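Heads up: the structure comes next, in structure tokens.
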Amino acid sequence: RVAHQSPMRLLPMRTAAAERAGAAACALGSYGGGVLGGDVLRLRVRATDGASLAITTQSSTKVYRAKRDGRATRQALDASVADGALLVVAPDPLVPFADSVYEQAQSFAIAPGGSVVVVDWIGAGRVSSGERWAFASYRSRSEYHAVAADDATMLDDDAAPSADPPALREALWLAGRG
């Protein structure tokens, strides 16, 4: 099932390669080619038993200059990967423009036998416009939780995150020059 709401678009892709592999692929896009300060993008993904899913983007994600109120663009991904499932999250790079403010949180609940491949990369900005690393703020946090194969809450839309610490945590905070 695929559903989206502005400013994010979900574009299911039917490719011969995905069909041969028995996989599904979906590209994320945005109206207007980028995201603005105050935009909130939330994505919930479930890869069920034995499924293979690749999530990409149409192109780089452009993060435009924050508005005067300085509110961040926020993006959240909450994913669960069941036994025997594969989830690949491989977007094009995020490109923060000068004076942009961006916050990202990614959480992956992975059952035994589940696999996740995540590519998370950031460009220097609009280098040709002299905006090399000129964003105001960039925050990214990724958590990877190992869950029991029979943990029914893993696939429950309303389940609260586990109190157990994640098996692996990555966080990155950057402040642009200013």
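Loop-located trypsin sites (Lys or Arg not before Pro) in the stretch 1-106 (DSSP state not H, G, I, E or B) with no more than 13 neighbouring Cβ atoms inside 10 Å: 1, 14, 67, 68. With a Förster radius of 25 Å applied to the beta-carbon distance between residue 59 and residue 141, the computed FRET efficiency rounds to 0.55. Just flag the trypsin sites (Lys or Arg not before Pro) in the stretch 86-141 sitting in loop per DSSP whose Cβ has no more than 16 other Cβ atoms within 10 Å. Filter output for the stretch 86-141: 126, 132.
Backbone geometry of the stretch 70-81 corresponds, through the Karplus equation with coefficients 6.51, -1.76 and 1.60 at θ = phi - 60°, to 3J(HN,Hα) couplings of x, 5, 6, 7, 10, 9, 10, 10, 10, 10, 10, 10 Hz, x marking Gly and Pro. Taking each residue as 0.36 nm, the span from residue 19 to residue 119 lengthens on full extension beyond its C-alpha to C-alpha distance by 33.7 nm. Here the Karplus relation 6.51 cos²θ - 1.76 cosθ + 1.60, evaluated at θ = phi - 60°, turns the backbone of the stretch 30-36 into coupling constants of 9, 6, x, x, x, 10, 10 Hz, with x for every Gly and Pro. Loop-located chymotrypsin sites (Phe, Trp or Tyr not before Pro) in the stretch 99-148 (DSSP state not H, G, I, E or B) with no more than 16 neighbouring Cβ atoms inside 10 Å: 121, 133.
Summing Lys and Arg as +1 and Asp and Glu as -1 over all other residues whose Cβ lies under 9 Å from the Cβ of residue 108 gives a net charge of -2. 3J(HN,Hα) along the stretch 137-146, derived from phi through the Karplus expression 6.51 cos²θ - 1.76 cosθ + 1.60 where θ = phi - 60°, amounts to 7, 9, 10, 9, 9, 10, 10, 10, 10, 7 Hz, with x in place of Gly and Pro. Expressed as a whole percent, the accessible area of the stretch 14-97 that falls on carbon and sulfur atoms is 50 (1.4 Å probe). Remark on residue 25: its backbone amide H falls under 5 Å from those of 13, 54, a criterion applied only to residues 5 or more positions apart or on other chains, H modelled at 1.01 Å from N.
The values are calculated or read from the model by the stated rules, or taken from the named source; none is laboratory data. Remember, it's a predicted structure, so these values are computed and weren't measured experimentally. Heads up, the Cβs are rebuilt from the backbone with ideal geometry, glycines too, and the neighbour counts pull from every protein chain shown. Keep in mind that these areas ignore ligands, DNA and RNA; they rest on the heavy atoms of the full protein, side chains included. Shrake-Rupley method; radii C 1.70, N 1.55, O 1.52, S 1.80 Å.
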